[in-house]
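The structure under discussion appears below in the form of structure tokens.
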Amino acid sequence: LCSFLGLLYQEYRDKSTREEIETRRLQDSQTDPEETSPSEETPSEAESTSTSENKAPPQINLLRNSNSRFNLWQDLPEVQNSGVLSILQPDEIKLQEAMFELVTSEASYYKSLNLLVSHFMENERLKKILHQSEAHILFSNVLDVMAVSERFLLDLEQRVEENIVISDVCDIVYQHTVNHFSVYITYVSNQTYQERTYKQLLQDKPAFREVISQLELDPKCKGLSFSSFLILPFQRITRLKLLVQNILKKVEEKSDRESTALDAHKELETVVKACNEGVRKMSRTEQMISIQKKLEFKIKSVPIISHSRWLLKQGELQQMNGPKTSRTLRTKKLFREIYLFLFNDLLVICRQIPGDKYQVFDSAPRGLLRVEELEDQGQSLANVFILRLLENADDREASYMLKASSQSEMKRWMISLAPNRRTKFVSFTSRLVDCPQIQCVHPYVAQQPDELSLELADVLNILDKTDDGWIFGERLHDQERGWFPSSMGEEILNPKIRAQNLKECFRVHKSDDSQRRKLGSRNRQ
């Protein structure tokens, strides 16, 4: 199956997500998307399955088909020659395609992993340049990851070869996720150190830089960088969850296949969350130590470092001096600079002092913060909001009038400081409001803690937007929230497509009722 597709995983993934974007664009441009859906008069799932069993379709052997370039189940000669396409209803064919994509994409992923190991990791020149500790950080437990992928792929191949009409793949996904996929958590948790080591080696070792450049030029790599191979495991485990979601949207409701898909999805979500936490934990600890060193307390000292604390946002704002009525004064006299460090449970208000240090003059628990926007603002009071500390460092209520550099910066601070404050558009979790939606057409890497990294074809609800090109969104497949530039996506204009996206989202997450209850209220920062 590895040569079945002829594509490295990076190419496969890119092609697949681009197709997903184009499909959604096409649906969005149609006035009545229901016209394109299969007719309800087609035979039922049960009828089509039993008929196909009576015909006893021939077995399919993908392993022998080593030169094939097909990437659709229905394009396989064995499928076309069997006559099953005229028997199965359109919904079942779509489900077959979704299951087949999970299998072929795993084959492509394994092929790329194999290249990472054989072409880069086992290169003799590279081995001589790297210390054992450097090689260990750079490649981590990739051999374990590859062994797990191989075992998983063999089981998937065996299932596909049992019958042209694939019975299920999610039961296999479930078993492997529960029993073997913990290797992904180990690999991904090492990502911070892996990236840093790679940058350091490129900088400090010209020989390393030279060998990597030469290896990347090999036609086998198809113009792909070494770093694109290193991040494969994290991309794969996330993508696998989305592929199972895709299957889940297509299986018949209240069926055994829905049950196994929900189980597989739940286990994959647990692994993906553990991977994310692993990455965050590594970088957060170092960040908190760095911040602690920069703070000097004018007030009673607050211990900053805690295992359950992390930074949400930091930055400079202008504080208005004097009473709120002094609006006739010039802007320069009216405002002075202050610096905020906002953690998930604490706000620290400082003034920057020489030597890259910050003097803390006030603080408050995050739960005791309130914000309000100023109305009828003049030009000097544009992007100004009021921050109230219900209980500050002196156990008193305190108010600060703060000015941000732009509308988006003001809104970002307000949402970070008071996350439960109502946003412009109601979250989809209310199910009552047709929330604006956007699909990602350009990947985006978060630059600040309150931003959201986006992958191609991600669909998000728009919770808020600014006039200067920023959107506060909630991603449908994992309910993660954050800011991103509006230029990264295209708004989904067709209300029926938006409704369909929401319906699918609720179906995917219906297995976890406790999560459903938390969706609208919990703080996802």
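The values are calculated or read from the model by the stated rules, or taken from the named source; none is laboratory data. Nothing here was measured: the structure is a model prediction, and the numbers come from that model. Cβ atoms come from the backbone with ideal geometry, glycine included; neighbour counts cover every protein chain shown. Surface areas here come from the heavy atoms of the whole protein model, side chains and all, with no ligands, DNA or RNA. Shrake-Rupley method; radii C 1.70, N 1.55, O 1.52, S 1.80 Å.
Worth pointing out:
- For the range 279-298, the set of residues classified as assigned to a helix (DSSP H, G or I), at pLDDT 90 or above and either open to solvent by less than 60 Å² (accessible area, probe 1.4 Å) or hydrophobic (A, V, I, L, M, F, W, C) (or both) consists of M288, I289, S290, I291, listed by residue number.
- When the range 486-500 is filtered for residues that are open to solvent by less than 50 Å² (accessible area, probe 1.4 Å) and either out of contact with any His (no Cβ under 9 Å at 6 or more places or on another chain) or among the β-branched types (V, I, T) (or both), the ones remaining, listed by number, are S486, I492, N494, I497, R498.
- Pairing each residue of the range 308-321 that is on the phi > 0 side of the Ramachandran plot with any residue that is not in a strand (DSSP E or B), provided the two are 6+ apart or on different chains, yields C-beta distances under 8 Å for G315/E409; G315/W413.
- Restricted to the range 105-208, the set of helices (runs of 4 or more DSSP H) holding at least 2 residues that are within 22 Å of the chain's Cα centre (by Cα) comprises 142-162, 170-179, 182-189, 191-204.
- The residue of the range 439-453 that is surrounded by the most Cβ atoms within 10 Å (Cβ to Cβ), among those that are aliphatic (A, V, I, L, M) and under 23 Å from L502 (Cβ atoms), is L452.
- Hey, F226 under 27 Å from the mean Cα position of the chain (by Cα), open to solvent by less than 50 Å² (accessible area, probe 1.4 Å) and outside the structural domain of L476 (by the TED database) or not: yes
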